[in-house]
Amino acid sequence: MKEFTEVQIKTLEEIILHRRDVRGNRFLDKKVPQDVLDKIVYAGVNAPSVGFSQPWEFVLIDDQEVKKKVKASFDKENKKGGNQFEGEKADKYKQLKLEGIIEAPINMAVFYKPSNSPTLGQTTIEEAGVYSVVCAIQNMWLMARALNVGLGWVSIIDPNKVKKILNAPDDRQLIGYLCLGYVDKFYDNPELERLNWEKRKDTSDVVKFNGY
Ligand SMILES: Cc1cc2nc3c(=O)[nH]c(=O)nc-3n(C[C@H](O)[C@H](O)[C@H](O)COP(=O)(O)O)c2cc1C
């Protein structure tokens with residue numbers, strides 16, 4: 001049985017605490033070597049999955065023309081998103097940089113591929129398949145951080161438009177659109193906290209014992 005040392009445990013804690021969502025204003029125009037990308041994807045495919053179904057597919061994108069099409073979907077959805085806020089929040093929203101599609105040298109679309117036969121463990125909670133893909137994304141986010149590669153998750157895009165842009169088969173579901181690349185800096189705390197958009201909740205407010 002493998003046991004981890006105090007130093008390794010501390011390292012994992014540091015990676016978790018220093019993982020950040022990275023937007024376009026931080027990405028550098030510096031190629032991410034293939035072996036680094038391979039390590040990130042390897043972390044993804046080693047995530048847990050319901051019934052060991054591994055229902056994920058990863059589309060790596062470095063073509064500027066493809067990125068521009070995805071960015072156009074972001075621009076449209078971001079405008080609609082911003083309109084849902086009022087007053088001071090609406091003004092603040094406009095100042096936020098919420099993606100790095102063009103600036104990041106690599107984009108990655110992560111898809112859920114549903115199975116056409118029953119999957120062990122997924123027979124009651126259908127969403128467990130999608131949760132598995134989210135586990136893969138989190139694994140990649142942490143591995144990217146360990147490799148000093150920034151990753152930003154963009155969800156303000158029309159998933160069906162992105163599917164079309166990438167020629168994804170009909171049954172696939174877009175789970176995450178990620179922007180990856182080296183950065184000029186990683187912040188110590190979330191950008192949305194630094195910009196006074198949201199505060200971190202107290203752990204004691206979200207943990208209950210033996211029920212609510
Ligand atoms: C499912 C998901 C979707 C997200 N979508 C976006 C997004 O569209 N744009 C963005 O700027 N950040 C997005 N984020 C990043 C969050 O804003 C970020 O994780 C949060 O503010 C905490 O910051 P941190 O990741 O640096 O700790 C997303 C994060 C998750 C988990």
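Each value in this text was obtained by applying a stated rule to the coordinates, not by laboratory testing. Just so it is clear, the structure is predicted and the values come from calculations on it, not from any experiment. Methodologically, a virtual Cβ is constructed for each residue, glycine included, from the backbone with ideal geometry; neighbour enumeration extends over all protein chains shown.
For the reader, a short list of remarks on this structure follows.
- Antiparallel %, DSSP beta bridges [both residues in the range 19-183], to 5: 95
- In a reduced charge model with +1 at each Lys and Arg Cβ and -1 at each Asp and Glu Cβ, the chain shows a dipole moment near 440 debye about its Cα centre.
- Computed Kirkwood radius, in angstrom, where 1/r is averaged over Cα pairs of the range 37-128: 16.4
- DSSP-loop trypsin sites (Lys or Arg not before Pro) across the range 73-162, with at most 16 other Cβ within 10 angstrom: LYS97
- Full-stretch length increase - ASP62, PHE4 - with 0.36 nm per residue and alpha-carbon distance subtracted: 17.2 nm
- For the pair the range 177-201 / the range 61-90, the C-alpha centres are spaced 18 Å from each other.
- Semi-axis lengths, Å, the range 26-75, gyration tensor of Cα atoms, sqrt of 5 times eigenvalues: 26, 17, 9
- Stokes-Einstein diffusion coefficient of the range 165-212, Kirkwood radius over Cα pairs, 37 °C, 0.692 mPa s, in µm²/s: 209
- Note on LYS71: aspartates and glutamates with a C-alpha under 18 Å away, same-chain residues under 8 apart excluded, are ASP21, ASP29, ASP62, ASP63, GLU99, GLU103, ASP158.
- Calculated mean residue ellipticity, 222 nm, the chain: -12500 deg cm²/dmol, from DSSP H runs (n ≥ 4) at -39500 (n - 2.57) each, averaged per residue and rounded to 500.
- The value obtained for the chain, namely the Cα convex hull volume divided by the number of residues, is 184 Å³ per residue.
- Counting only Cα atoms, the range 85-142 measures 48, 32, 21 Å along its principal axes, largest extent leading.
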